[in-house]
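A quick write-up on the structure given underneath.
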Amino acid sequence: MGSVPDVDVLVVGAGVTGIYQLHRALEEGFTARLLEAGTGPGGVWHWNRYPEARLDSESFTYGYFFDRTLFDDWRWSEYFAGQPENEAYFRYVVARRGLDAYIEYGARVTSAVWDEATGTWAVEAGNGTRVRARFVVSATGVLSIPVFPAVEGRESFRGVAHHTGLWPDEEIDFTGKRVAVVGTGSSGVQVIPAVADVVESLTVYQRTPNWVTPLNNEPITDEQQEQLRRDFERIRDTCEQGPTGFMHLPHDRKTFDDTHDVRQRFYETMWRTAKGFSKLSSNYLDMMTDPRANAEWSAFVADRIREVVDDPELAEKLIPDHPFAAKRPPFGTRYFEAYNKPNVELVSLKETPMVRVTETGIETTDGHREFDIIVWATGFDGFTGALTRIDVVGEGGRVLRDRWSHGVITYLGAMVPGFPNFFIAGGPHMIAGNFPRATEIMVDYITGVLRYARTNGHTFVAPDSEASAEWTDEVHQAATIPLMAENSWFRGANIPGKAREYLAYAGSLRKFRERMDAMGEQGYPGLTFGTPVRA
Ligand code: NA7
């Protein structure tokens, strides 16, 4: 690697964010490359290939809006498309925009080292690829590092065992098998009903029950497809101008504005027809802020669980004791129904904790069960995991994981003080909401900064310490959402030793977009531009 940059912009990760960033950088006339660990594009939709892995953002609000023809020429088969279709969508976008020539697959970035003398980053990947870049944009995702429980003997199991987030690209046949699923977050909730019909037995190991409400998925008919095409602008604008990046319209009333009967009818509609996240975004306005309002909706959902699950004792074990959406709520299809099958068993790890994994199965305090397949649906090192696993070495040899060891600091979620020319497009402190709508704000902002630097002859940009401290403070202030559970991965609670702090920015997506869009006109406040000594 010489000291002259090979490219202006190196993007890390070919998920929904990195693909868009690569496109924007090239469109602006920068030289750009992208390094991706996987063998194809799609990010989470490349890695999470488990049975029934599926979107719970409406497909057509998850795809890209930057090119109308991409929208028009793609046909989503369902409101919430499954993994193969999502992965195919990203292959389609990459092919249509001719991006493959700029992407190297099988290149997992292991280190990025800032060279102060030349003002460039020396980036290395595990396959030996080395790139010197003026700017690096990390698009490594917030749920890309799968985590396994630290339970004794996990690797001694001699059957088939996979994490949902690291699922192999081959058919795993569940037919007639004794299967364990550990974890009941969004992934476990999708796998469980998907395999329950064909297995010999299914044992679900549940630590925390979740408020699972119906996804209410449906096929998209030809007529609806035509309507979607006609509605492109409306869909785009509603997503961009709404508070969460979805096209669901907010309700106009608070819970107790309505009578008991009206509320119950409204909840009934929410349960039966409201799609995906609209159970949050179109619910009563105070559902996430007034504990009484939340308790009433939660009680309604608890009654539905009692209605569906035949065994009353089992139903109680499946009902959470945290408020609705205090943990990221999964949306399911016939999830609770699966527990009525005679071959499906629930093991509550709160009552009978896991002791060890053996060569043949899993032992809990109530005994040992034998399995052919173990599915670890145990989540991810969210928000920071991907970045703290790369040796990102900034000014003065400071390593990013050390910088964040007592708490994350960023500027707008986009940069970190002490790490010049290094951008994060979707990581800690990013705005919460429909993921692609949230990260496109970051990509547009980052692209704007790069353009501004070029226009003004700068090759160096770094966030100011004071602005970063203020922003980080704002993230913490916004995180005082009354109902957010302490044991959520949004707070880093699933990773032993990780600093406990809310890792997303809990503001309004619309307001954040307006604020980020206005930064260019203001000359990008909070950033210092310049030229490194010998660049
Ligand atoms: P999640 O939502 O983090 O769920 C992980 C599940 O695994 C959850 O039920 C955890 O229980 C459970 N878990 C985690 N560690 C353990 C141990 N050590 N023992 C037993 N059970 C454990 O991950 P998902 O993959 O389901 O979903 C991630 C995101 O993907 C989701 O939010 C969507 O954005 C899509 P816990 O609740 O921590 O007690």
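Entry remark, the stretch 155-178: residues being of a type in the set (A, V, I, L, M, F, W, C) and away from the ligand (no atom under 16 Å from the Cβ) number 3 in total.
Which residues, counting only those in the stretch 180-197, are more than 16 Å from the ligand (Cβ to nearest atom) and either in the same structural domain as A504 (by TED's automatic domain parsing) or part of a loop (DSSP other than H, G, I, E, B) (or both)? Result: D197, single match.
Would you please name the residue that is farthest from R134 (Cα to Cα), looking only at residues in the stretch 1-53 that are β-branched (V, I, T) and within 16 Å of the ligand (Cβ to nearest atom)? Checked the stretch 1-53; the qualifying residue farthest from R134 (Cα to Cα) is V44. Residues that are surrounded by 20 or more Cβ atoms within 10 Å (Cβ to Cβ) and of a type in the set (A, V, I, L, M) within the stretch 242-279 comprise M247, M270, A274, listed in sequence order. When restricted to residues that are surrounded by 18 or more Cβ atoms within 10 Å (Cβ to Cβ) and either at pLDDT below 95 or not in a helix (DSSP H, G or I) (or both), the stretch 373-398 contains 16. Taking the criterion of being under 23 Å from F157 (Cβ atoms) and either of a type in the set (D, E, K, R) or in a strand (DSSP E or B) (or both), the residues of the stretch 335-349 that qualify are V344, E345, L346, V347, S348.
Where helices (runs of 4 or more DSSP H) fall wholly inside the stretch 237-325, the ranges with 3 or more residues that are assigned by TED's automatic domain parsing to the domain that holds W211 and under 28 Å from the mean Cα position of the chain (by Cα) are 260-272, 278-281, 291-308. The residue list G18, G40 contains one member that is surrounded by fewer than 21 Cβ atoms within 10 Å (Cβ to Cβ) and closer than 19 Å to N127 by Cβ, which is G40. Among residues of the stretch 281-297 that are modelled with pLDDT of 95 or more, those with a beta-carbon under 8 Å from a residue that is acidic (D, E) and buried (at least 17 other Cβ atoms within 10 Å of the Cβ) at least six positions away or on a different chain give the pairs A293/D286. The residues listed here are Y92, Y102; of these, the one that is surrounded by fewer than 22 Cβ atoms within 10 Å (Cβ to Cβ), hydroxyl-bearing (S, T, Y) and in contact with a Lys or Arg (Cβ under 6 Å, 6 or more places away or on another chain) is Y102. Kindly establish whether T447 is without any contact (Cβ under 8 Å) to a residue 24 or more places away in the chain, farther than 29 Å from P146 by Cα and assigned by TED's automatic domain parsing to the domain that holds A518. It is false that T447 is without any contact (Cβ under 8 Å) to a residue 24 or more places away in the chain, farther than 29 Å from P146 by Cα and assigned by TED's automatic domain parsing to the domain that holds A518.
Which one of T213, T208 is modelled with pLDDT of 95 or more, surrounded by fewer than 21 Cβ atoms within 10 Å (Cβ to Cβ) and within 16 Å of the ligand (Cβ to nearest atom)?
None of the other options fit; the residue is T208.
May I ask you to list the residues in the stretch 494-518 that are assigned to a loop (DSSP other than H, G, I, E, B) and of a type in the set (A, V, I, L, M)? If the condition is that a residue be assigned to a loop (DSSP other than H, G, I, E, B) and of a type in the set (A, V, I, L, M), then I495, A499, L503, A504, A506 are the ones that fit.
The values are calculated or read from the model by the stated rules, or taken from the named source; none is laboratory data. Since the model is a prediction, treat every value here as computed from it, not as a measurement. Here the Cβ is made from the backbone with ideal geometry for all residues, glycine too, and neighbour counts use every protein chain on show.
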